[in-house]
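Worksheet: the structure to be examined is printed underneath.
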Amino acid sequence: MRQETKCIEGGYTPKNGEPRMIPIYQSTTFKYDTSEDMGKLFDLEASGYFYTRLQNPTNDLVAAKICELEGGSAGMLTSSGQAANFFAVFNIAGAGDHVVASTAIYGGTYNLFNVTMRRMGIDFTFVEPDCTDEELEAAFKPNTKAVFGETIANPALTVFDIERFANAAHQHGVPLIVDNTFATPINCRPFEFGADIVTHSTTKYMDGHDATVGGALIDSGKFDWMAHADKFPGLCTPDESYHGITYVEKFGNEAAYITKATAQLMRDLGSIPSPMNCYMLNLGLESLAVRMQRHCENAQKVAEFLQANPNVEYVTYPGLPGDASYELAQKYLPNGSCGVISFGVKGGRAAAEQFMKHLKLAIIATHVADAHTCVLHPASATHRQLSDEELIACGVKPDMVRLSVGIENVDDIIEDLSQALSSI
């Protein structure tokens, strides 16, 4: 099936007389006839469900749809994109280990890695996405366990050179993890370029309607863990908490990674979304393909309008010829990138704040990547505690506005931006 069809049909095929839509299994527990039947589940000797903190049928059916869209072998849903990124790394890296990550990633993920996970004993080396080969090679250490990047960085909109970083990761015997939130599998499938694990904040385009928070973790099933068994003992040696099971030996490369993430991390941390939220996520997935096309068409026209507007200092959008990521976008995102644009207002911080006050259709919100057009001026919101000099040092210009272009009529969006810019 093609991607548009998978959005509708993927993950769940009802049998004769069964519900057409994915059912909501709104239950914490599941009944079994004998203790032996349930014991087989706890020993990972049989498939099934016994407690929703670990797994739930609704969640797994929706995860299967996302897995099909990405072309993976196994997947799971989490309570947020942050949880998905944490699980992705922590499933194979622990205290004393090291990870290489791109600097061009979502600020929340950067803080997760640079602050919280460092406190857990995991070291991180951050490299610029356009670093030299020598700089990239120097970032690896003997205890490196993974490489991490974002297909399209939030909010820098830098396009990640997946193939290059995948090759570097594989030369050092570690997997490449890619956060594919902004592109979605409609516009990019990182596995086709060598990535091994994909994450999503499903809160964004996949949900698409400001309705549910969630995340996804998908495995390609192609990384050969046993070929690097010394680096990944958690997958390649017996797990005493599950009666000595060795995940790769029992479940193969196709299912070992996700099984371990479920049996260990979800069991102990419980970062699972509710079945109702997963049901609502599936409703969003059904229209993902058509919405992404509209987001990209609208954003391209808006970016071109902003580029020509005399009150705009600069525009960052991968679809614009001359953009720093344009060539990479042509390789990885030939059918469109996303609906998010960053631009600067002439006149600096004060002018940007004035522009925001005059918007009528676009709403001021911290969210991005949903059906509504929304904007944020980081210097007066998320980064308001910083001086102009400090803003520039961390890559957020005082005049920068992050614009998430929705799926409204593009002429209405442009008219709103035009009147707000002319009011500065």
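Residue-level check: of (1) assigned to a helix (DSSP H, G or I); (2) closer than 24 Å to Asn253 by Cβ, Thr58 misses just (2). Residue count for segment 96-115 satisfying the condition of being β-branched (Val, Ile, Thr), outside any loop (DSSP other than H, G, I, E, B) and crowded, with 20+ Cβ neighbours inside 10 Å: 3. The helices (runs of 4 or more DSSP H) found entirely in segment 324-424 that carry 3 or more residues being farther than 24 Å from Ala153 by Cα, charged (D, E, K, R) and modelled with pLDDT of 95 or more are 410-422.
Restrict the check to segment 227-243 and report whether at least one residue is within 25 Å of the chain's Cα centre (by Cα), exposed (fewer than 15 other Cβ atoms within 10 Å of the Cβ) and of a type outside the set (A, V, I, L, M). No, segment 227-243 contains no residue that is within 25 Å of the chain's Cα centre (by Cα), exposed (fewer than 15 other Cβ atoms within 10 Å of the Cβ) and of a type outside the set (A, V, I, L, M).
What's the number of the condition Gly75 fails, among (1) assigned to a helix (DSSP H, G or I); (2) at pLDDT 95 or above; (3) among the small types (Gly, Ala, Ser)? Evaluating Gly75 over (1) assigned to a helix (DSSP H, G or I); (2) at pLDDT 95 or above; (3) among the small types (Gly, Ala, Ser) leaves (1) as the failure.
For segment 260-287, the set of residues classified as closer than 25 Å to Leu235 by Cβ and charged (D, E, K, R) consists of Lys260, Arg267, Asp268, listed by residue number. Could you list, in sequence order, all residues of segment 263-294 that are part of a helix (DSSP H, G or I) and open to solvent by 40 Å² or more (accessible area, probe 1.4 Å)? Passing the criteria: Arg267, Asp268, Leu269, Met276, Asn277, Tyr279, Met280, Leu283, Glu286, Val290, Gln293, Arg294. Screening Ile22 against (1) of a type in the set (Val, Ile, Thr); (2) under 17 Å from the mean Cα position of the chain (by Cα); (3) closer than 26 Å to Ala289 by Cα leaves a single unmet condition, (2).
When Thr366 is tested against the conditions (1) open to solvent by 20 Å² or more (accessible area, probe 1.4 Å); (2) β-branched (Val, Ile, Thr); (3) in contact (Cβ under 8 Å) with a residue 40 or more places away in the chain, the lone failure is (3).
One residue stands out in segment 311-323 among those that are hydrophobic (A, V, I, L, M, F, W, C) and outside any loop (DSSP other than H, G, I, E, B): the one that is surrounded by the fewest Cβ atoms within 10 Å (Cβ to Cβ), namely Val312. When Thr202 is tested against (1) modelled with pLDDT of 95 or more; (2) open to solvent by 10 Å² or more (accessible area, probe 1.4 Å); (3) among the polar types (S, T, N, Q), just one condition goes unmet, and that condition is (2). Checking the structure you have, find out if any residue of segment 15-36 is in a helix (DSSP H, G or I), farther than 30 Å from Ala146 by Cβ and modelled with pLDDT under 95. For segment 15-36, residues in a helix (DSSP H, G or I), farther than 30 Å from Ala146 by Cβ and modelled with pLDDT under 95: present. Do we have Ala84 as of a type in the set (Gly, Ala, Ser), out of contact with any Phe, Trp or Tyr (no Cβ under 9 Å at 6 or more places or on another chain) and closer than 27 Å to Asp224 by Cβ here? Judged against the criteria, Ala84 is a match.
Residues of segment 1-29 that are charged (D, E, K, R), in contact (Cβ under 8 Å) with a residue 24 or more places away in the chain and open to solvent by 100 Å² or more (accessible area, probe 1.4 Å): Glu4 alone. Of the set (1) touching a residue at least 24 places away in the same chain (Cβ under 8 Å); (2) assigned to a helix (DSSP H, G or I); (3) out of contact with any Asp or Glu (no Cβ under 7 Å at 6 or more places or on another chain); (4) open to solvent by 30 Å² or more (accessible area, probe 1.4 Å), all apply to Leu69 but (4).
Considering each residue of segment 207-214 in turn, none proves to be farther than 23 Å from Ile66 by Cα and either surrounded by 15 or more Cβ atoms within 10 Å (Cβ to Cβ) or charged (D, E, K, R) (or both).
Matching residues to (1) at pLDDT below 95; (2) charged (D, E, K, R); (3) open to solvent by less than 10 Å² (accessible area, probe 1.4 Å); (4) touching a strand residue (DSSP E or B) at 6+ places or on another chain (Cβ under 6 Å):
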site	(1), (2), (3), (4)
Ala138	no, no, no, no
Ala146	no, no, yes, yes
Ala156	yes, no, no, no
Glu163	no, yes, no, no
Asn167	no, no, no, no
His170	no, no, no, no
Pro175	no, no, yes, yes
Thr181	no, no, no, yes
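The values are calculated or read from the model by the stated rules, or taken from the named source; none is laboratory data. Since we're looking at a predicted model, the values are computed, not measured. Please note: Cβ atoms are built from the backbone with ideal geometry, for glycine as well, and neighbour counts cover all protein chains shown. Calculation scope for accessible area: heavy atoms of the full protein, side chains included, ligands and nucleic acids excluded. Shrake-Rupley method; radii C 1.70, N 1.55, O 1.52, S 1.80 Å.
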